[in-house]
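The values are calculated or read from the model by the stated rules, or taken from the named source; none is laboratory data. On a predicted model such as this, the values are computed, not experimentally measured, just so you know. Ideal geometry is used to build each Cβ from the backbone, glycine not excepted, and the neighbour counts take in all protein chains shown. All accessible areas refer to the heavy atoms of the entire protein, side chains included, with ligands and DNA or RNA removed. Shrake-Rupley method; radii C 1.70, N 1.55, O 1.52, S 1.80 Å.
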Amino acid sequence: MVQIGNIQLPDFPLLLAPMEDVSDPPFRVVCKANGADLVFTEFISSEGLIRDAIRCRRKLDIFDEERPTGIQLFGGDEARLALAAKIVDVTQPELLDINFGCPVKGIVAQGAGSGVLRDINLMVRLTEACVKSTSLPVTVKTRLGWDDDSKNIEEVAERLQDVGIKALTIHGRTRCQLYKGEADWSLIAKVKNNPRIHIPIFGNGDINSAQKALEYKNRYGVDGIMVGRAAIGYPWIFREIRHYLQTGEQLPAPTVGERVAVCKEQLRKSLQWKGPVAGVYSMRKQYFQYLKGLPGIKDFRTQLVTSTEPEVIYAVLDEILVRYNGFEMERTPIELVNYHENCPL
Ligand SMILES: Cc1cc2nc3c(=O)[nH]c(=O)nc-3n(C[C@H](O)[C@H](O)[C@H](O)COP(=O)(O)O)c2cc1C
């Protein structure tokens, strides 16, 4: 069992990563239903919450079926972050996570996200302020360091543990790497193997198959794994990893029927939660993986990502079901999209 504060998770928990505009309640619910043990909201601006920005408040919504859920905050000012932590406390997630990993220029410029990696003292003060201000367990998600010459995660881990965080997730890249190259988990393993560290250490970066999850579990000895991009349109990644860890066998790929059913379920929940316009838009990132591997699917997919009417989208999904009835899905590799390819540093 892995313990985060008073939350008990199974051995080697599988975490759904916080992802902006992706990790919303409907998506978190389908990931939970397919094996995620702990899910996170996308990052939420502490300033936005304090100013009561409606969009930010909405991001605090949690559906009962998705729990346990961590709400993720970002901010570069101690007092403001602590105040936002108090607001989060009232909404009763299972935990509060602080984002010290976002590489996007606008966030870094506010002295938040991975910008804080250049100033560990500030990072420690921000974290301590949060820990003191909330009754929730506080966790942190960060990267290896700012750039190749300043990979300070070992010191960061010790100091954040000392001010009271209950778990640490490390994405095996530096801020300056954005998403380039392969995630390097060797430093994550070093943090995990530090005898001073007693909180759970979760590894993150580039897990896109059950085999890779097992390989990294064995090679790097982390307490659990966080999966981001590979879950988009493929929430089954969690149950596939769990099954493989337990049996050494690969589950069969989800059938066309399962794919359409789960996709519809996510769409239905998105429409309910976001309304007919935003609900339709928010699903567009998901269809690619949901339907990948079906020969000749392109035209259907184009209709799904261009239609604005929910009824049309449901009808296209039903048509897919009929067209591919009995088709035997083969497993296709999950491609990891480089989201911040053109992001200015
Ligand atoms: C579209 C997108 C949005 C993201 N938004 C966040 C975020 O809000 N907070 C955060 O800590 N990380 C965010 N990330 C980073 C992921 O949580 C994760 O660390 C990263 O994608 C590496 O994991 P992966 O290789 O499993 O995708 C985002 C990543 C993507 C692709």
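The table below gives the values:
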| item | result |
| --- | --- |
| Residue count, region 116-145 (criterion: open to solvent by less than 10 Å² (accessible area, probe 1.4 Å) and either within 13 Å of the ligand (Cβ to nearest atom) or farther than 17 Å from L15 by Cβ (or both)) | 12 |
| Filter pass, R284 being within 25 Å of K59 (Cβ to Cβ), within 14 Å of the ligand (Cβ to nearest atom) and surrounded by fewer than 20 Cβ atoms within 10 Å (Cβ to Cβ) | yes |
| Selection status of I188, within 17 Å of G76 (Cα to Cα), assigned to a helix (DSSP H, G or I) and among the β-branched types (V, I, T) | no |
| Hits in region 164-188 (condition: among the hydroxyl-bearing types (S, T, Y) and open to solvent by less than 10 Å² (accessible area, probe 1.4 Å)) | T169, T174 |
| Residue match in region 118-133 (condition: touching a residue at least 24 places away in the same chain (Cβ under 8 Å) and among the acidic types (D, E)) | yes |
| Top-ranked residue of region 36-58 - restricted to ones that are part of a loop (DSSP other than H, G, I, E, B) and open to solvent by 30 Å² or more (accessible area, probe 1.4 Å), ranked as nearest to the ligand (Cβ to nearest atom) | A53 |
| Residue match in region 147-158 (condition: assigned to a loop (DSSP other than H, G, I, E, B) and over 26 Å from Q177 (Cα atoms)) | no |
| Filtered residues of region 69-98 (kept if within 16 Å of the ligand (Cβ to nearest atom) and either part of a loop (DSSP other than H, G, I, E, B) or among the charged types (D, E, K, R) (or both)) | G75, G76, P93, D97 |
| Restricting region 215-231 to residues that are open to solvent by 30 Å² or more (accessible area, probe 1.4 Å) and touching a helix residue (DSSP H, G or I) at 6+ places or on another chain (Cβ under 6 Å), the residue that is nearest to the ligand (Cβ to nearest atom) | Y220 |
| Answer residue from region 18-35, given it is within 10 Å of the chain's Cα centre (by Cα) and either surrounded by fewer than 21 Cβ atoms within 10 Å (Cβ to Cβ) or more than 12 Å from the ligand (Cβ to nearest atom) (or both) and is nearest to M226 (Cα to Cα) among those | M19 |
| Conditions (1) in contact (Cβ under 8 Å) with a residue 40 or more places away in the chain; (2) part of a loop (DSSP other than H, G, I, E, B): number failed by L294 | (1) |
| Unique match (being modelled with pLDDT of 95 or more and either of a type in the set (D, E, K, R) or touching a Phe, Trp or Tyr at 6+ places or on another chain (Cβ under 8 Å) (or both)) among I165, I225, I237, I153 | I225 |
| Scope region 251-271; condition open to solvent by less than 40 Å² (accessible area, probe 1.4 Å) and basic (K, R); matching residues | R259, K269 |
| Number of the exception - Q250 against (1) assigned to a helix (DSSP H, G or I); (2) of a type in the set (S, T, N, Q); (3) in contact with a Phe, Trp or Tyr (Cβ under 8 Å, 6 or more places away or on another chain) | (1) |
| Residue in region 168-191 that is of a type in the set (D, E) and either modelled with pLDDT under 95 or within 16 Å of M226 (Cβ to Cβ) (or both) present | yes |
| Residue within region 306-327 that is assigned to a helix (DSSP H, G or I), surrounded by 15 or more Cβ atoms within 10 Å (Cβ to Cβ) and within 20 Å of the chain's Cα centre (by Cα) present | no |
| Residues satisfying the stated conditions in region 244-283, i.e. more than 22 Å from Y324 (Cβ to Cβ) and acidic (D, E) | E249 |
